[in-house]
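The values are calculated or read from the model by the stated rules, or taken from the named source; none is laboratory data. Just so we're clear, the structure is a prediction, and the values are computed from it rather than from any experiment. Note: ideal-geometry Cβ built from the backbone for every residue, glycine included; neighbour counts use all protein chains shown.
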């Protein structure tokens with residue numbers, strides 16, 4: 001599995017996970033309420049400025065993490081271009097890119113075990129319902145860690161398809177990708193059992 005935490009140390013690394021996650025929630029809520037393109041553009045410029053303030057390598061890494069969004073951006077642009085609502089599409093696209101960039105910034109500057117600790121504390125009330133806060137926190141952490149790994153492996157599989165076939169990649173890659181995900185999950189389950197389980 002990959003860690004999403006950036007190896008480039010910044011001042012944001014010293015801030016505790018709780019305040020960063022709370023700030024992310026408030027900022028995202030504010031972005032969703034903003035109806036002005038100027039407001040969204042200002043927020044996007046601010047986030048870009050924070051990334052570049054920590055160096056070009058840090059900013060490049062953050063930009064690379066936004067690449068998986070291009071299909072969604074394309075769909076938004078095509079749909080709103082077809083319906084003639086370009087301004088509304090630009091607003092949605094701006095919100096999406098800015099919110100995900102903020103979330104990536106928090107993830108890049110926060111250790112995963114710190115995030116697990118926050119999630120575990122937030123999930124404590126669920127213990128009364130018989131749900132284990134620790135299991136829930138670890139499950140969320142595994143999703144965070146596995147998503148980029150599975151996307152990378154899916155990309156490799158599609159590249160292998162293109163190298164061996166003249167036909168376009170189609171639905172037949174779904175089964176191999178699913179099997180890869182199950183194989184990774186089995187490896188992680190074995191590792192967790194070997195360490196005493198949850």
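Structure data summary
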read-out	value
Residue count, the stretch 114-151 (criterion: exposed (fewer than 12 other Cβ atoms within 10 Å of the Cβ) and within 27 Å of residue 51 (Cβ to Cβ))	1
The stretch 21-40, residues that are surrounded by 15 or more Cβ atoms within 10 Å (Cβ to Cβ), in a helix (DSSP H, G or I) and either more than 19 Å from the chain's Cα centre (by Cα) or not assigned by TED's automatic domain parsing to the domain that holds residue 106 (or both)	39, 40
Flag if residue 73 is surrounded by 17 or more Cβ atoms within 10 Å (Cβ to Cβ), outside the structural domain of residue 155 (by TED's automatic domain parsing) and in contact (Cβ under 8 Å) with a residue 12 or more places away in the chain	no
Complete set of residues in the stretch 62-78 that are part of a helix (DSSP H, G or I) and touching a helix residue (DSSP H, G or I) at 6+ places or on another chain (Cβ under 7 Å)	62, 68, 69, 72, 73, 76, 77
Residue in the stretch 106-121 that is out of contact with any helix residue (DSSP H, G or I) (no Cβ under 6 Å at 6 or more places or on another chain), under 27 Å from residue 36 (Cβ atoms) and in the same structural domain as residue 32 (by TED's automatic domain parsing) present	no
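So that you can scan it fast, the table gives a plain yes or no per residue for (1) assigned by TED's automatic domain parsing to the domain that holds residue 50; (2) at pLDDT below 85; (3) more than 25 Å from residue 65 (Cα to Cα); (4) touching a helix residue (DSSP H, G or I) at 6+ places or on another chain (Cβ under 7 Å):
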position: 92; (1), (2), (3), (4): yes, no, no, yes
position: 102; (1), (2), (3), (4): yes, no, no, yes
position: 139; (1), (2), (3), (4): no, yes, no, no
position: 153; (1), (2), (3), (4): no, yes, no, yes
position: 158; (1), (2), (3), (4): no, yes, no, yes
position: 165; (1), (2), (3), (4): no, yes, yes, no
position: 174; (1), (2), (3), (4): no, yes, no, no
position: 177; (1), (2), (3), (4): no, yes, no, yes
